[in-house]
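Heads up, the thing below is written out as structure tokens.
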Amino acid sequence: MLLFIPVATIAGDPAPMHPGSYVKGKLAAAKIKINFVAAKMEVSLSQFTDILNTKRRMTPRIALLLEKEFGFEAIELVRMQAEYDLYTEKTTQHNNNRKLD
């Protein structure tokens, strides 16, 4: 179904895209309901919705379930999460180390 995940960034912003946002967009484009996906993967709707809304991390378990049930590439989703986490941590450290004038 969904075979290729490009290196994702938000247009005009160097921040990597959270894999939940990516999955949410692909599911919406394919007109697949989120509650159907959660039920098919046997995960709670609230947990899955939190991932899609970037409130939780994309875990390897969820990535593998998305691969098995819907054709996403688990390794790419996990890579996207790692890039997002690294960017977020770098941004946090940079902001915390900024000197106040």
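No value in this document is a laboratory result; all are computed from the given coordinates. Source: prediction; values computed, not measured. With ideal geometry, Cβ positions are generated from the backbone for all residues, glycine too; neighbour counts draw on all protein chains shown.
Some values worked out for this structure:
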quantity: Filter result (surrounded by fewer than 16 Cβ atoms within 10 Å (Cβ to Cβ) and under 10 Å from HIS18 (Cβ atoms)) within the stretch 47-73; calculated: ASN53, THR54, LYS55
quantity: Odd one out for GLU76, checked against (1) surrounded by fewer than 18 Cβ atoms within 10 Å (Cβ to Cβ); (2) touching a residue at least 24 places away in the same chain (Cβ under 8 Å); (3) out of contact with any helix residue (DSSP H, G or I) (no Cβ under 7 Å at 6 or more places or on another chain); calculated: (1)
quantity: Near pairs, Cβ below 7 angstrom, 6+ apart or cross-chain, from the stretch 19-48 (touching a residue at least 24 places away in the same chain (Cβ under 8 Å)) to any residue that is in a loop (DSSP other than H, G, I, E, B) and surrounded by 14 or more Cβ atoms within 10 Å (Cβ to Cβ); calculated: PRO19/MET58; GLY20/THR54; GLY20/MET58; SER21/THR54; TYR22/ILE5; TYR22/ALA8; VAL23/PHE72; LYS26/LEU2
quantity: Residue in the stretch 89-101 that is farther than 11 Å from VAL23 by Cβ and within 13 Å of the chain's Cα centre (by Cα) present; calculated: no
